[in-house]
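Structure record follows, encoded as structure tokens.
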Number of protein chains: 2
Amino acid sequence: MAFHLLERERERGLKLAAVLEQAIQRIGHCSQCRNFSEESLCSLCASSSRDRQVLCVVESPTDLAAIEQATGYRGQYFVLMGRLSPLDGLGPEELGLAQLTERLGVGEIEELIIATNPTVEGEATAHYLAQLARAGGVRPTRLAHGVPLGGELEYVDRGTLAHAFGSRQLLD
Amino acid sequence: MAFHLLERERERGLKLAAVLEQAIQRIGHCSQCRNFSEESLCSLCASSSRDRQVLCVVESPTDLAAIEQATGYRGQYFVLMGRLSPLDGLGPEELGLAQLTERLGVGEIEELIIATNPTVEGEATAHYLAQLARAGGVRPTRLAHGVPLGGELEYVDRGTLAHAFGSRQLLD
């Protein structure tokens, strides 16, 4: 990209540099959900039409975007900006869990939807978050794991198949 | 493969032909579960150590193999050898559903685990099988669907994410 800009699009390169500088100077974090935001309170947190009794915890802003696009979720979010990963120096402090604990303690939230990734570190984080939720008297729930829609059992990895089999559900 | 055998391995080609002929002549279907078998009753159906109160319905022998490898399931199977697909001429008759209904009616089976693929046709088949189970007084269950283990929410398709979100479960 750098070579293309230098060879053919020097003006656009300057524009890109200016836009990038502006973005980095202006975009901070929402004081409530920690997502990227130009304002101190992001549009989702400021919205009066979102349900304040449900809070969905995600690892990153891209996960938030995926959930917003795919589901009809109308509650609020909390963005960890990472996952518990002691080897990378990411502990409860870096993920803003003190802020989350405080918010859970207010008593407004009834359900904490834990939408961390089903990876090893994401599961550990989910376990930790569930404990925080229970301590705050909030019901912790977790996204369903199993065979993806449109998938074929034959090509699904063993771990997922074993999990899907073990957590089979009654059809009604 | 054909060219390789003709060029270099004519003897092995003859052996392969003989083995293939033998397999096609000898391997039929198990009279109970419809899986491929050399005997009229396959080893899984004949085994006295398998639980006869649970029956798992799969689309194909490869799905059966995947479940046997990945899970600790100790019940029995029923292999449809396809899925309901009227356009391909596959109806209840071709899938041996009369035989399944008969088996459900005996009263020995308590749970029917429906492990058809989560594709459109697999879901339609699952719906039909659940009705059969209920009519026979058997509890129908379905493998869990959702985000595969080790997956990242960001890269999961929208349908699966929406389903995983909608069928989130209480953590306890």
Exercise. Roughly how much accessible area, to the nearest 100 Å², goes out of reach of solvent when A and B pair up, both sides summed, probe 1.4 Å?
Worked result: 4500
Exercise. Which residue, B:E21, B:E93, B:E121, tops the fluctuation ranking in a GNM of chain B built on C-alpha contacts under 10 Å?
Worked result: B:E21
Exercise. Around B:K15, what is the net charge, scoring Lys/Arg as +1 and Asp/Glu as -1 over all other residues with Cβ under 13 Å from its Cβ?
Worked result: -1
Seminar exercise, completed: Scaled by the rule-of-thumb 2.2 N^0.38 Å, the alpha carbon Rg for the protein assembly as shown gives a ratio of 1.32
Seminar exercise, completed: For B:L170, the accessible surface traced by a 1.4 Å probe with all protein chains present amounts, in square angstrom to the nearest 10, to 100
Exercise. How big is the charge dipole of the protein assembly as shown about its Cα centre, in debye rounded to the nearest 20, if each Lys and Arg gets +1 on its Cβ and each Asp and Glu gets -1 on its Cβ?
Worked result: 220
Problem set entry | Among A:P86, A:P61, A:P118: highest mean-square fluctuation, GNM of chain A, C-alpha pairs under 10 Å | A:P86
For this session: Could you name the residue in chain A with the C-beta closest to the rotation axis that superposes chain A on chain B, along with the separation in whole Å?
Result: A:G146, 2
Exercise. Which whole-number percent is the relative contact order of chain B (Cα, under 8 Å, 6+ apart)?
Worked result: 15
For this session: Give me the distance between the Cα centres of segment B:120-168 and segment B:10-26, rounded to whole Å.
Result: 41
Seminar exercise, completed: Projected area averaged over all directions for the convex hull of the alpha carbon atoms of segment A:49-143, nm², comes out at 5.8
For this session: With all protein chains present, calculate the accessible area of B:M81 using a 1.4 Å probe and round the result to the nearest 10 Å².
Result: 60
Exercise. Accessible area per residue, 1.4 Å probe, Å², for the protein assembly as shown: what's the number?
Worked result: 55
For this session: Just add up the charged neighbours of B:L153: K/R +1, D/E -1, any other residue whose Cβ is under 9 Å from the Cβ of B:L153.
Result: -4
Problem set entry | chain B - mean residue ellipticity at 222 nm from DSSP helices (-39,500 (n - 2.57) per run, n ≥ 4, rounded to 500) | -12500 deg cm²/dmol
Problem set entry | Candidates A:R158, A:R103, A:R74: whichever shows maximal mean-square fluctuation once chain A is modelled as a Gaussian network with Cα springs under 10 Å | A:R158
For this session: Calculate what fraction, in whole %, of the accessible area of the protein assembly as shown sits on carbon and sulfur atoms when a 1.4 Å probe is rolled over the protein chains.
Result: 54
Problem set entry | Nm distances between copies for A:A124, ranked from closest, using label points 7 Å along Cα→Cβ | 4.7
For this session: Tell me the distances, shortest first, between B:V19 and the same position across the other copies, using label points 7 Å along Cα→Cβ, in nm to one decimal.
Result: 6.1
For this session: Beyond 29 Å, what share of the Cα-Cα pairs of chain B is found? Please give it as a whole percent.
Result: 36
For this session: One decimal, nm, shortest first: give the distances between the label point of A:F3 and those of the same position in the other copies, each label point 7 Å from Cα along Cα→Cβ.
Result: 3.7
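The values are calculated or read from the model by the stated rules, or taken from the named source; none is laboratory data. Note that the structure is predicted; figures quoted are calculated from it, not measured. Ideal geometry is used to build each Cβ from the backbone, glycine not excepted, and the neighbour counts take in all protein chains shown. Each accessible area value is taken on the protein alone, full model and side chains, heavy atoms only, with ligands, DNA and RNA left out. Shrake-Rupley method; radii C 1.70, N 1.55, O 1.52, S 1.80 Å.
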